[in-house]
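Structure first, then comments.
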């Protein structure tokens, strides 16, 4: 092995993992959204895009689902499992995605 090959290999490995570490990871509360709304919150079949929406709108929507004030097939049941702090964290996360 050449003496300088190892540092190059380490650098290549670091650069290969850069995109994963550079992207903000979703808070744990937001992980439950990804199955329906997609890995970036951009929507999917039967699920609205939530990425890039206004934070206050996302909070209000989740609170309305939680209070059964907004119709939804499953969102009311899902939203009832979230605290206000978790709803705020989810809204913060998805409102930042562009």
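Worth a mention:
- When residue 47 is tested against (1) surrounded by fewer than 16 Cβ atoms within 10 Å (Cβ to Cβ); (2) modelled with pLDDT under 95; (3) in contact with a helix residue (DSSP H, G or I) (Cβ under 6 Å, 6 or more places away or on another chain), exactly one condition is not met: (1).
- Residue 3 modelled with pLDDT under 85 and either out of contact with any helix residue (DSSP H, G or I) (no Cβ under 9 Å at 6 or more places or on another chain) or not in a helix (DSSP H, G or I) (or both): yes
- Of all residues in the range 26-44 being in contact (Cβ under 8 Å) with a residue 12 or more places away in the chain and within 14 Å of residue 89 (Cβ to Cβ), the one that is surrounded by the most Cβ atoms within 10 Å (Cβ to Cβ): 41
- Hits in the range 51-77 - residues which are within 15 Å of the chain's Cα centre (by Cα) and either in a helix (DSSP H, G or I) or free of Cβ contacts under 8 Å to residues at least 40 places away in the same chain (or both): 55, 58, 59, 62
- Residue, farthest from residue 66 (Cα to Cα), within the range 78-90, restricted to residues that are part of a helix (DSSP H, G or I) and touching a helix residue (DSSP H, G or I) at 6+ places or on another chain (Cβ under 6 Å): 89
The values are calculated or read from the model by the stated rules, or taken from the named source; none is laboratory data. It should be emphasised that the depicted structure is a prediction, and the values quoted were computed from it without experimental measurement. Reconstructed Cβ throughout: ideal geometry from the backbone, glycine too, with neighbour counts over all protein chains shown.
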